[in-house]
Amino acid sequence: MSWTNKFSEDARAIEASEIRELLKILADPNILSFAGGIPDPELFPMADISSIRNTIELDPVLSKESMQYSATEGYMPLREWIAERCTTENLALTSDNILVTSGAQQSLTLLAAALMDPDLPVAVADPTYLGALQVFMTRRPKFVTVQTDEDGLIPSSLEEAFKAGARILYTIPDFQNPGGMTIPLDRRREIVELAHKYDVVILEDTAYRTLYYDGPAPASLLEVEGDYLGQGKWQSEGLVIQVGTASKTLMPALRVGWTIAPKALFEKLVILKQANDLQTSCMNQMMAFKLFSSILDDHVQKLREVYGERRDAMVKALRRYLPNNVRFTEPAGGMFVWLQLPDGLDAKELLAKSLESEKIAFVPGAAFHATGTGKNTLRLSFSTCKPPVIDDAMRRLANLIAAEERRRVA
Ligand SMILES: Cc1ncc(COP(=O)(O)O)c(C=O)c1O
């Protein structure tokens, strides 16, 4: 009996994520991993987590509320907190715009279910977050790739995609996963203008936005659109939908993310979420709210210092050790450096060799490309290793790359 021919078309459309598969190898304690885009567990705010958990458990009202079923829309104090944090002069948000989700990944799942039909052209950067490609794939859209440079999406390529019929753009404007690029303000304005010219919905993923090491990222696309439309207009004319998460700043185990959407879309997303998982854990939402409203700013400041040093260590080591014909990005935030090897080198083959001889893991880049290109690219994450370890590992990886390149041209 074969299960394959019993699967639905949607199930057949989805493929295993290369990263999830890799995470299994990484359970081996002998492997030094630059693969996962994960926070350093040593930096989780453990003392605050325990004391907040205690406060909730000892409170006779909160404790029971935290364990009960609750509203699909999310825990009201958390929704209000997010609305207030994201409100600007021209963008007045209320809790009615904030849907709490089980991680940003669920936000993307619900948005795909709400907005994507089979064969709908969806524009994505080349490369982009593979978890988004994976979930969008279940809706079987037609990916239209947009070229990127060191400043992210290239507007002329984006306009080509819009002219080719793309109805939705998915983008990570700040410290992109996997490329590390950040879109400058003037490009953000151009992107919003193009979206309005061609009537394209923008799904803005802000997963890494607050993890900046050289100063804050430019205004978000949502904020730029608020200014573009003028006060009060986004609620009726907005095309930018924003997705956020607590995973990269607090901890992934909370599974707390959110979507910021105007009313009509918000209401559709609520129904889809209800059908999907009823609600996000109330206990976890309370924890997220109490951690956000007490320690977030100080905690993120500490993350910036530690991750910033690791970013510096990786960039410095790559500048020093990599052969000249390997290009790499120098991110101003986030967790990732993106390498482009000379044409003809295959990052998957390099990974097999690197695991065997150096015990170093990274993610081959092809999986981040919607249309199967990028075999010679790879992603390195600097978030979980200390600077001396990064320096030594980059030296060894660079030597391996140089040896492979010599073998290729010989
Ligand atoms: C760009 C991006 N969006 C969304 C997610 C998913 O985050 P969450 O843990 O909130 O589901 C990730 C996780 O790696 C990510 O890198």
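The table for this structure:
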read-out	value
Members of Lys64/Lys263; Lys24/Lys248; Lys24/Lys302; Lys24/Lys359 lying beyond 25 Å, as alpha-carbon distances in this model show	Lys64/Lys263; Lys24/Lys302
Length released on extending from Arg319 to Gln235, taking residue separation times 0.36 nm less the Cα-Cα span	25.6 nm
Area of Val61 that stays accessible when all protein chains are in place (1.4 Å probe, Å², to 10)	100
The chain - charge dipole about Cα centre, Lys and Arg +1 at Cβ, Asp and Glu -1, debye rounded to 20	960
Additional length obtainable on full extension of the chain from Ser50 to Lys24, 0.36 nm per residue less Cα span	6.5 nm
Förster-model FRET efficiency, 51 Å R0, Asp297 and Arg395, C-beta, rounded to 0.05	0.90
Mean-position separation - Cα centroids, the stretch 345-410 and the stretch 191-220, in angstrom	29
Extended-chain gain in nm, criterion 0.36 nm per residue less alpha-carbon gap, Ala253 and Leu278	7.2 nm
Residue-averaged [θ]222 nm for the chain, counting only DSSP H segments that reach four residues, each worth -39500 (n - 2.57)	-14500 deg cm²/dmol
Under the Karplus curve 6.51 cos²θ - 1.76 cosθ + 1.60, θ = phi - 60°, whole-Hz ³J(HN,Hα) for the stretch 214-223, x wherever Gly or Pro sits	10, x, x, 5, x, 3, 5, 4, 5, 5
Of all DSSP beta bridges in the chain, antiparallel share, percent nearest 5	50
Dipole in debye (nearest 20) - the stretch 119-207, about Cα centre, beta carbon charges: Lys, Arg +1; Asp, Glu -1	420
The chain: angle of helix 263-277 to the longest principal axis, Cα-based, in degrees nearest 10	70
Where only alpha carbons of the stretch 68-295 are counted, the Rg and the Dmax (Å)	16.5, 51
Solvent-accessible surface (1.4 angstrom probe) belonging to Cys385, in square angstrom, nearest 10	10
Surface accessible to a 1.4 Å probe, Glu190 within the full protein complex, Å²	90
For the stretch 277-410, accessible area per residue (1.4 Å probe, heavy atoms of protein chains only), Å²	43
Inter-label distance for Lys348 and Asp214, nm, one decimal - labels placed 7 Å from Cα along Cα-to-Cβ	3.4
Size of electric dipole in the stretch 68-295: Cβ of Lys, Arg +1 and of Asp, Glu -1, about Cα centre, debye, nearest 20	740
Cβ-based charge dipole, the chain, positive-most Cα from Asn399, Pro141, Tyr307	Asn399
The stretch 75-153 - percent relative contact order, Cα under 8 Å, separation 6 or more	25
Relative contact order of the chain, defined on C-alpha pairs under 8 angstrom at six or more residues apart (%)	23
Inter-site label distance for Val61 and Glu150 at 7 Å from Cα along Cβ, in nm	5.6
Efficiency of FRET between Thr88 and Ala13 - r from beta-carbon atoms, R0 45 angstrom, step 0.05	0.75
Accessible surface of the stretch 109-202, 1.4 Å probe, proportion on carbon and sulfur as whole %	47
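The values are calculated or read from the model by the stated rules, or taken from the named source; none is laboratory data. Quick caveat: nothing in here was measured; it's all calculated off a predicted structure. Every residue, glycine as well, gets a Cβ built from its backbone with ideal geometry; the counts of neighbours run over all protein chains shown. The area values use the complete protein model at the heavy-atom level, side chains included, leaving out ligands, DNA and RNA. Shrake-Rupley method; radii C 1.70, N 1.55, O 1.52, S 1.80 Å.
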